[in-house]
Amino acid sequence: MRVIGVTHPLGAPVASFPVAHGQHPRITLFDEGFIPVRPLAATIIDGDIVFTWLVREVVAADHRPPERHAVYVAPTSEQPRTFQRIGAYALVLSERGILGTVNSSATLAPGTWALPGGGVDPGEAPSDAVLREVFEESGQEVVLDRVLSLESEHWIGRSLAGRLEDFHALRIIYAATCKTPSDPVVHDVGGSTQGADWVPVRTWRSLHWTNSSRTLLAQYARKLSR
C-alpha cells in the first residue's frame, strides 16, 4: 500500500510513501510534517493500493501520534512470521440500523460483533473488496458513500494454527448505505462470520464488539445516522 498526502483535493502530492511493515501511516505523515484532515480516496494503481489523504502542515500545538505495538506472547527464541494484511470494511446504515456481523470459531475472537469486511485480494480494488465482503457476510447490497478512515494495528501473537506471527493489519474503512435492507444471510458458510444482523443505532453499545469496530462506531455511528 502507498499513502499520498495532498493539501488540496486536486493538488500535487506533498507526501508519498509505501507503508512498511509495522509502520503507522499517521505517524509517518507526522514525521514528514503533515496531519491528515480527511480521506479522499482509496484506489488501485498498477496493482498497488493507493490511499490519499487531504493533509495540512504540522503546527506547534500538534502532537505526534503514539506508537502502538502489542505483544500477546512471552518472548522466546522462536522467530515470528512477518505478515501485513490489507482489509476493507464498511460501516453500513439503513432504516433498520447498523449492519453487524458475528465472528465465528474460525477467528481469534469468536462470538464478538464486528463491522462487515475482510481481506483485499491481490489486484482487487478496495471498493470492490468491501462490496464483495459485505454480500458474502450478510447478503446485503450496499452503496459506498465515502472513505472514512485508514486504520493500522500491529501486534505479535499466535494464529489459530499456533504459528507465531508479527502481524500488521491495515484497514480501509468506508461509510455505506443499504437502501433495501433485508434479513441478513451469511453466504460464506464456514468462514470467519457465523451470523449477521441489523443493530439499532441507539443500542449498539450493548453488544460485545471487537475493539477496532467499537472505536469506529463510537467515532462515526451517531454522525452518519443523522
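The values are calculated or read from the model by the stated rules, or taken from the named source; none is laboratory data. Everything numeric here is computed off the predicted structure, so don't read it as measured data. Cβ sites come from the backbone with ideal geometry, for glycine too, and all protein chains shown count toward neighbours.
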Filtering region 39-78 down to residues that are at pLDDT 90 or above and of a type in the set (K, R), which residue is farthest from Q23 (Cα to Cα)? R56
From the option list G111, G118, single residue qualifying as surrounded by fewer than 20 Cβ atoms within 10 Å (Cβ to Cβ), more than 18 Å from D183 (Cβ to Cβ) and in contact with a strand residue (DSSP E or B) (Cβ under 8 Å, 6 or more places away or on another chain) is G111
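In region 114-172, which residues are assigned to a loop (DSSP other than H, G, I, E, B) and in the same structural domain as T215 (by the TED database)? Steps first, answer last, please.
First pass over region 114-172, keeping only residues assigned to a loop (DSSP other than H, G, I, E, B): 115-116, 120-125, 139-142, 159-163.
Correct list: L115, P116, V120, D121, P122, G123, E124, A125, G139, Q140, E141, V142.
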Among the numbered conditions (1) within 24 Å of P39 (Cα to Cα); (2) free of Cβ contacts under 8 Å to residues at least 24 places away in the same chain; (3) among the aliphatic types (A, V, I, L, M), tell me where L170 comes up short. (2)
From the list E124, E133, E153, pick out the single residue that is within 19 Å of the chain's Cα centre (by Cα), among the charged types (D, E, K, R), closer than 23 Å to A42 by Cα and buried (at least 21 other Cβ atoms within 10 Å of the Cβ). E133
What do you reckon, is S104 touching a residue at least 40 places away in the same chain (Cβ under 8 Å) and either surrounded by 22 or more Cβ atoms within 10 Å (Cβ to Cβ) or of a type in the set (G, A, S) (or both)? yes
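Would you point out the residue of region 136-146, among those that are under 16 Å from the mean Cα position of the chain (by Cα) and surrounded by fewer than 16 Cβ atoms within 10 Å (Cβ to Cβ), that is farthest from T180 (Cα to Cα)?
The selected residue is R146.
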Within region 69-101, which residues are hydroxyl-bearing (S, T, Y) and either surrounded by 14 or more Cβ atoms within 10 Å (Cβ to Cβ) or under 13 Å from I156 (Cβ atoms) (or both)? Y72, T76, T82, Y89, S94, T101
Based on what the data block shows, is L144 without any contact (Cβ under 8 Å) to a residue 24 or more places away in the chain, more than 16 Å from M1 (Cβ to Cβ) and in contact with a strand residue (DSSP E or B) (Cβ under 8 Å, 6 or more places away or on another chain)? no
Among the residues of region 186-212, which ones are out of contact with any Ser or Thr (no Cβ under 8 Å at 6 or more places or on another chain) and either within 24 Å of L170 (Cβ to Cβ) or in a helix (DSSP H, G or I) (or both)? D188, R202, T203, W204, R205, S206, N211, S212
Out of all the residues in region 5-18, is one or more touching a residue at least 24 places away in the same chain (Cβ under 8 Å), under 14 Å from E151 (Cα atoms) and surrounded by 12 or more Cβ atoms within 10 Å (Cβ to Cβ)? no
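Among the strands (runs of 3 or more DSSP E) contained in region 1-102, which hold 2 or more residues that are of a type in the set (V, I, T), under 30 Å from E137 (Cα atoms) and touching a Phe, Trp or Tyr at 6+ places or on another chain (Cβ under 9 Å)?
Counting at least 2 such residues, we get 81-94.
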How many of the residues in region 175-191 are more than 19 Å from D128 (Cα to Cα) and at pLDDT 95 or above? 6
